[in-house]
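The values are calculated or read from the model by the stated rules, or taken from the named source; none is laboratory data. Only a predicted model underlies this, so the values are computations on that prediction, with no experimental measurement involved. Heads up, the Cβs are rebuilt from the backbone with ideal geometry, glycines too, and the neighbour counts pull from every protein chain shown.
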Amino acid sequence: MGTITSAAKGTPTGSRKLVDMNWDPITRIVGSLGIFTKIDFDNRQVAECHSTSSIFRGYSIFMKGKDPRDAHFITSRICGICGDNHATCATYAQNMAFGVRPPAMAEWIVNLGEAAEYMFDHNIFQDNLVGVDFCEQMVKETNPGVYAKAEKTTAPGANLHGYRTIADIMKALNPFVGSFYREALQMSRMTREMFCLMEGRHVHPSTLYPGGVGTVPTVQLFTDYLVRLMKYVEFMKKVVPLHDDLFDFFYEALPGYEKVGQRRVLLACWGSFNNPAVCDYSYKKMTEWGRAMYVTPGVVVDDKLVTSDLVDINLNIRILLGSSYYDGWENSEKFVQKDPLGNPVDQNHPWNQTTIPRPQKRDFGGKYTWVMSPRWLDKRTGDHLALDTGGGPIARLWATALAGLVDNGYVKSTGRSVKMYLPKTMSLPEVEFEWKIPKWSNAIERDRARTYFQVYAASCALYFVEQALAELHAGRTKTWSEFTVPQEAIGCGFHEAVRGVLSHHVVIRDGKIANYHPYPPTPWNANPRDVYGTPGPYEDAVQNTPIFEENGPDKFKGIDIMRAVRSFDPCLPCGVHMYLGNGKVLETHHSPMFGQHA
Amino acid sequence: MTPEAVPYGRKTQKPSPVPDIHILWITAGLGCDGDSVSITAATQPSIEDVLLGAIPGLPRVHLHNPVLAYENGDDFLKFWYQAEQGKLEPFVLVVEGSIPNEKIKKQGYWAALGTDPKSGQPITTNEWIDRLTPKALAVVACGTCATYGGIHAMQGNPTGAMGLADYLGWGWKSKAGLPIVNVPGCPVQPDNFMETLLYLLYQVAGLAPMIPLDDQLRPLWLFGKTVHDGCDRAGYYEQGDFAEVYGSPKCIVKLGCWGPVVNCNVPKRGWMAGIGGCPNVGGICIGCTMPGFPDKFMPFMDEPPGAKVSAAAISVYGKTIRTLRSFTNDTVNKEPKWRHTGTELTTGYRPGTY
């Protein structure tokens with residue numbers, strides 16, 4: 001059975017005066033997203049919400065019959081900001097299918113590249129895209145009262161980050177002209193240089209292969225990386241207190257702000273950073289090497305770690321329809337009856353999915369999106385859970401904290417928190433940051449976790465540089481293991497794209513791809529109501545979000561909705577449009593003025 | 001300022017005859033936004049150099065790109081409507097992502113941006129291109145999807161995707177007489193794009209002649225040489241010393257590198273700040289700047305057909321090799337035949353549902 005995963009916080013809509021407020025496209029995300037809301041201005045709440053996608057490309061269709069070695073080159077092109085996460089995940093699936101284990105040096109190089117990707121991507125999204133929602137210009141336009149308060153509020157961390165008041169932080173975030181905005185943009189280039197050292201090109205890597213990497217490990221390679229990393233470490237020592245000050249201020253200035261974007265704690269993390277000492281890519285040992293990852297995989301429901309077992313995670317993925325522009329595949333071929341451990345594999349599992357597109361008119365009472373509805377079957381209850389990634393970091397930190405497995409001298413999971421160590425830098429002493437499990441899964445905590453995960457990635461990178469240099473000094477410089485492509489095989493890869501869970505499932509027949517299904521984070525977050533009527537996480541989180549914006553319908557910018565949606569770090573090439581509301585309309589406004597939505 | 005304090009250099013600095021120019025950037029093709037993300041990595045010039053007036057002689061530039069814009073929704077789309085009505089003059093239109101064929105099906109959409117206020121249905125990307133291209137001073141296709149179709153126009157694709165020139169016609173000219181300017185790359189190399197844009201802004205300001213393009217509409221100075229011409233591993237090639245395993249510092253042509261026949265400057269320029277690239281750092285060239293990408297280069301990890309001949313004959317380097325290469329180069333400079341307009345889907349995919 002399905003389950004309505006939103007907390008019971010709604011009120012009947014029958015007698016409310018609802019106003020249509022539409023924003024299409026939502027900017028400062030990757031891809032085209034539209035938001036259509038019905039807002040109850042009297043009660044200052046978003047009333048209803050649907051989510052819909054604007055593009056279809058058909059990867060799983062055109063990959064059929066292609067050479068399985070090409071999968072990572074092709075799937076990288078799914079996403080223009082985390083394409084390398086796809087390429088990496090595809091090589092993981094290839095490694096399993098081809099039965100090949102890359103040399104340790106290759107794993108350290110990939111981990112260093114992926115760490116740089118997290119450092120870059122969270123940084124540019126947080127400070128150049130999300131940050132604008134918290135900048136002086138935006139806050140003045142939406143909540144002048146809050147800005148006035150910010151001018152009078154001294155920033156507690158001023159001695160660490162150099163901005164005297166909260167308003168000074170907001171000014172520094174103004175797009176292009178703000179000093180911190182420009183510093184962050186510059187930093188996002190340096191971290192991409194680090195990425196290019198390891199993976200060749202950003203965002204579609206050139207040096208990744210099944211079996212390892214083509215990158216040549218040299219003293220120069222790791223030195224060039226390390227000196228840049230240490231500059232980033234120094235930068236983060238200022239960024240963490242800066243964001244803590246800014247986010248704490250919003251709770252203080254707007255009591256009740258914790259409700260914005262809040263939903264039940266239903267978090268998914270598929271794990272990141274393989275440990276080459278344990279990971280052999282065999283399915284049979286996946287439980288063991290999954291738990292050895294430096295970001296622990298896990299499903300977190302109501303602050304409980306339901307599982308950290310990748311086999312369990314894998315087998316219970318279900319791809320549902322209900323509101324999507326596809327025909328069902330119940331009568332299509334079942335490619336995989338049992339996994340290599342003998343467990344039955346469901347027809348709605350990605351290994352068995354067949355994509356049958358049926359383009360049609362958008363109808364919010366019926367089909368309204370190109371996104372399918374991925375769910376995770378909770379065997380304890382039989383519920384198909386609409387897990388979200390919270391934009392990635394909050395789920396990664398939460399799962400890693402609860403599992404208590406990671407402890408490598410730079411990051412340490414305590415069971416209730418994650419501690420991260422940053423050594424001395426040019427002008428600042430060593431620092432330990434601690435991310436503690438928050439009270440809510442909401443917009444502010446998703447954003448805050450992003451900052452802390454930037455530190456997590458940097459701390460891990462310090463460990464990976466040490467490990468890579470140890471290999472180099474020992475003369476173990478091989479970066480690639482040979483393999484042959486089997487005629488028949490299956491494989492799966494689990495990874496964390498920057499904004500959350502990523503899986504690739506491949507079936508090989510006659511040496512060619514017979515079936516291939518990538519599941520990136522945005523389908524998990526941005527999906528529509530499924531066949532059981534369960535709304536997707538955006539729909540759920542935005543629905544009933546309280547409105548704190550001071551503007552009425554005439555000048556309404558929807559800033560609280562924007563903050564709720566952007567906290568998930570939407571990445572639309574994964575395919576989303578957001579559409580809120582199809583209830584009774586008493587009044588229709590368009591934001592700001594172009595055309596009337598009939 | 002007193003007259004004598006006016007720096008003599010002031011005489012050389014003239015305000016642009018066109019004081020303001022808008023850049024409308026559509027990312028809503030079948031793409032990944034990787035080209036928009038890419039340009040945020042550019043430093044020669046950087047996006048802020050251009051927007052904040054750090055380059056002399058340019059008009060004031062107003063960028064409308066969804067990845068970076070402050071505005072949302074109709075606040076953002078108003079520039080699109082103004083451009084359509086001829087009220088946003090002049091503007092350069094940048095298109096990112098491949099152009100789907102919306103005519104191969106009865107209803108629905110493959111790619112869209114915004115909602116039609118009358119029908120409540122999405123406005124297709126193709127509709128925007130139809131509305132805006134007649135009004136644009138120049139049209140730039142950014143990245144291989146928009147230039148030639150790219151990955152989403154692969155054999156077997158369900159959308160009938162193609163490049164912008166396939167959609168508008170290869171002889172298309174803007175109202176100012178400019179052909180489409182193609183800056184391929186998957187994604188586009190950051191500085192290659194910003195440098196091309198800067199050239200066009202100079203041209204608008206009357207500071208540069210017509211942009212020189214090759215027959216695939218690429219800027220000549222960026223795409224006139226091959227990957228191999230600029231690769232620092234070419235020395236190994238010339239000595240016939242080839243890598244047998246990935247991770248070797250030698251020439252990787254036998255491992256799948258198509259560098260000798262691919263028009264691209266990345267090994268020479270690096271990916272950003274001179275760092276990274278493709279064969280120069282151990283990544284096989286998969287031809288991602290080319291009209292024939294990806295189909296004519298797959299399977300990527302096999303040795304290219306021409307490589308063996310030229311590698312074996314390397315000691316008689318000369319006319320024969322050049323002829324062979326030019327033959328292959330011609331082939332990979334042509335798109336596959338299924339990228340076209342019309343109502344037929346000829347990619348090999350047979351839909352039963354549309």
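Structural remarks
- Restricting attention to the stretch B:253-283 and to residues that are in a loop (DSSP other than H, G, I, E, B) and more than 7 Å from chain A (Cβ to nearest Cβ), the residue that is surrounded by the fewest Cβ atoms within 10 Å (Cβ to Cβ) turns out to be B:Gly274.
- Failed criterion for B:Lys87 (all others in (1) away from chain A (no Cβ under 11 Å); (2) within 25 Å of B:Gly169 (Cα to Cα); (3) more than 24 Å from the chain's Cα centre (by Cα) hold): (2)
- The number of residues in the stretch B:160-206 being outside any helix (DSSP H, G or I) and over 24 Å from A:Ser76 (Cβ atoms) comes to 15.
- Subset of the stretch A:101-126 [charged (D, E, K, R) and under 14 Å from A:Thr191 (Cα atoms)]: A:Glu114, A:Glu117, A:Asp121
- The set of residues from the stretch B:10-37 being assigned to a loop (DSSP other than H, G, I, E, B), among the hydrophobic types (A, V, I, L, M, F, W, C) and within 13 Å of chain A (Cβ to nearest Cβ) comprises B:Ala28, B:Cys32.
- Some residue of the stretch B:38-59 being buried (at least 21 other Cβ atoms within 10 Å of the Cβ), within 14 Å of chain A (Cβ to nearest Cβ), more than 24 Å from the chain's Cα centre (by Cα) and of a type outside the set (Lys, Arg): no
- Any chance A:Thr414 is farther than 25 Å from A:Gly290 by Cβ and within 24 Å of the chain's Cα centre (by Cα): no
- Of residues in the stretch A:224-283 being in a loop (DSSP other than H, G, I, E, B) and among the aliphatic types (A, V, I, L, M), the one surrounded by the fewest Cβ atoms within 10 Å (Cβ to Cβ): A:Ala277
Condition check ((1) polar (S, T, N, Q); (2) under 24 Å from the mean Cα position of the chain (by Cα)) across all residues:
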{"position": "A:Tyr519", "(1), (2)": "no, yes"}
{"position": "A:Asn525", "(1), (2)": "yes, yes"}
{"position": "A:Pro528", "(1), (2)": "no, yes"}
{"position": "A:Tyr532", "(1), (2)": "no, no"}
{"position": "A:Pro535", "(1), (2)": "no, yes"}
{"position": "A:Ile547", "(1), (2)": "no, no"}
{"position": "A:Asp554", "(1), (2)": "no, no"}
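- Count of the stretch A:154-193 residues which are under 25 Å from A:Val455 (Cβ atoms) and surrounded by fewer than 17 Cβ atoms within 10 Å (Cβ to Cβ): 8
- Each residue in the stretch A:194-207 was checked for being more than 8 Å from chain B (Cβ to nearest Cβ) and out of contact with any Gly (no Cβ under 6 Å at 6 or more places or on another chain), and 1 of them qualify.
- Test: residue in the stretch A:492-507 that is in contact with a Gly (Cβ under 9 Å, 6 or more places away or on another chain), aromatic (Phe, Trp, Tyr) and buried (at least 19 other Cβ atoms within 10 Å of the Cβ): yes
- Helices (runs of 4 or more DSSP H) enclosed by the stretch A:71-134 - at least 2 residues per element that are away from chain B (no Cβ under 11 Å): A:83-98, A:104-124
- Subset of the stretch A:27-56 (residues that are modelled with pLDDT of 75 or more and within 26 Å of A:Pro357 (Cβ to Cβ)): A:Ile29, A:Cys49, A:Ile55, A:Phe56
- Residue count for the stretch B:80-117, restricted to those that are in a helix (DSSP H, G or I) and among the β-branched types (Val, Ile, Thr): 1
- Taking the stretch B:118-140 as the range and being buried (at least 18 other Cβ atoms within 10 Å of the Cβ), away from chain A (no Cβ under 14 Å) and either part of a strand (DSSP E or B) or not aliphatic (A, V, I, L, M) (or both) as the test, the residues that pass are B:Thr133, B:Lys135, B:Ala138, B:Val139, B:Val140.
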